[in-house]
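A short worksheet on the structure shown next.
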Amino acid sequence: MDLNLKNRVALVCGASKGIGKACAIALAGEGARTILCARTESLLKEAVKEINDSGGEADYITFDLSNTGSIKNLADRAISIYGRIDILVNNAGGPPAGEDLSFDVSAWEAAFKLTFLSAEELTKHLIPDMIKRKWGRIINLTSVTVKQPINGLMLSNSIRLAVIGWAKTLSQNYAQYGITINNIATGYTLTDRVRQLFKSKAASADKSVDEIIEEIGKTIPIKRMAEPSEIASVVAFLASDRASYVNGATIPVDGGYSVSTL
Ligand SMILES: NC(=O)c1ccc[n+]([C@@H]2O[C@H](COP(=O)([O-])OP(=O)(O)OC[C@H]3O[C@@H](n4cnc5c(N)ncnc54)[C@H](OP(=O)(O)O)[C@@H]3O)[C@@H](O)[C@H]2O)c1
């Protein structure tokens with residue numbers, strides 16, 4: 001299927017590695033000029049080179065998405081690179097894991113800024129231009145935790161649901177301008193984050209991280225974790241005209257892990 005993103009410009013957040021990087025590669029592979037955003041310049045440069053060397057067109061912006069007060073700045077810089085943003089992929093590092101009652105107010109506030117406010121603020125600054133052009137795609141990378149909480153991920157279990165409520169509300173009001181807003185409920189995916197999350201579990205079980213990853217993989221109906229590119233393929237589809245009637249949806253890409261029927 002040709003997703004034909006040749007005349008589109010995408011901004012992908014959290015794109016220096018993991019799922020965000022895979023999304024940037026997928027969108028650029030479909031022809032979109034793609035801007036990658038994250039904090040680590042060396043990784044962003046590598047990712048941009050990878051895309052440009054394989055015939056795509058990409059650039060990057062270094063920005064800490066926790067700086068929610070400066071996000072207009074990020075939006076303006078992103079628009080100035082290729083003249084507009086048609087596709088926004090909201091994504092960042094996940095909030096830390098921890099015991100249910102272990103988070104103080106500052107931990108909740110930091111998680112809310114990174115997981116919710118970064119997406120909300122960036123969308124607020126980019127959507128007016130999409131309205132003028134009567135076309136836009138906003139795709140929020142969330143987590144399987146919005147379908148089914150995971151023990152030990154209290155911040156994710158809680159704050160990501162705010163993203164879903166926010167996105168659903170926006171999707172009701174902006175589809176009339178050709179803008180669709182959807183979420184991915186990402187399941188276990190083989191990235192640095194997952195390796196980090198399972199380090200302490202591996203140490204306490206006296207196993208390697210790979211063994212833990214394999215064990216968890218076996219609990220998923222598809223019997224393995226996802227590759228980042230498998231999440232990115234769905235994002236690229238949602239970003240295209242082929243997905244023109246998908247709006248306000250939260251799509252699990254989790255190998256069947258979540259057991260909710262809807
Ligand atoms: N992997 C999974 O199994 C899984 C499952 C469900 C949900 N998720 C969620 O999906 C998202 C991506 O996960 P991942 O596995 O791809 O994580 P990852 O490999 O750790 O990548 C996270 C990306 O976000 C960037 N980032 C982190 N904090 C940032 C900040 N303050 N400002 C700007 N960029 C920031 C990182 O780059 P810099 O460090 O360079 O800034 C990196 O590019 C996370 O929210 C995660 O919780 C992941």
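The values are calculated or read from the model by the stated rules, or taken from the named source; none is laboratory data. Predicted model only: the values in this text are computed from it and were never measured. FYI the Cβ positions are ideal-geometry reconstructions off the backbone, even for glycines, and counts take in every protein chain you see. Each accessible area value is taken on the protein alone, full model and side chains, heavy atoms only, with ligands, DNA and RNA left out. Shrake-Rupley method; radii C 1.70, N 1.55, O 1.52, S 1.80 Å.
Output the residues belonging to segment 135-163 that are outside any strand (DSSP E or B), out of contact with any strand residue (DSSP E or B) (no Cβ under 8 Å at 6 or more places or on another chain) and either without any contact (Cβ under 8 Å) to a residue 60 or more places away in the chain or under 25 Å from ARG8 (Cα atoms) (or both).
PRO149, ILE150, ASN151, ASN157, SER158, ARG160, LEU161, ALA162
Can you name every residue in segment 218-228 that is under 10 Å from ALA22 (Cβ atoms) and open to solvent by 70 Å² or more (accessible area, probe 1.4 Å)?
Result: GLU227, single match.
Could you pull out the residue among VAL144, VAL235 that is in contact with an Asp or Glu (Cβ under 6 Å, 6 or more places away or on another chain) and open to solvent by less than 10 Å² (accessible area, probe 1.4 Å)?
Result: VAL144 is the single residue among VAL144, VAL235 that is in contact with an Asp or Glu (Cβ under 6 Å, 6 or more places away or on another chain) and open to solvent by less than 10 Å² (accessible area, probe 1.4 Å).
If we only count strands (runs of 3 or more DSSP E) wholly inside segment 1-115, which ones have 2 or more residues that are open to solvent by 30 Å² or more (accessible area, probe 1.4 Å)?
Of the strands (runs of 3 or more DSSP E) lying wholly inside segment 1-115, those with at least 2 residues that are open to solvent by 30 Å² or more (accessible area, probe 1.4 Å) span 58-62.
Of the residues TYR174, TYR188, which single one is surrounded by 18 or more Cβ atoms within 10 Å (Cβ to Cβ), under 21 Å from LEU88 (Cα atoms) and of a type in the set (Phe, Trp, Tyr)?
Matching residue, one of TYR174, TYR188: TYR174.
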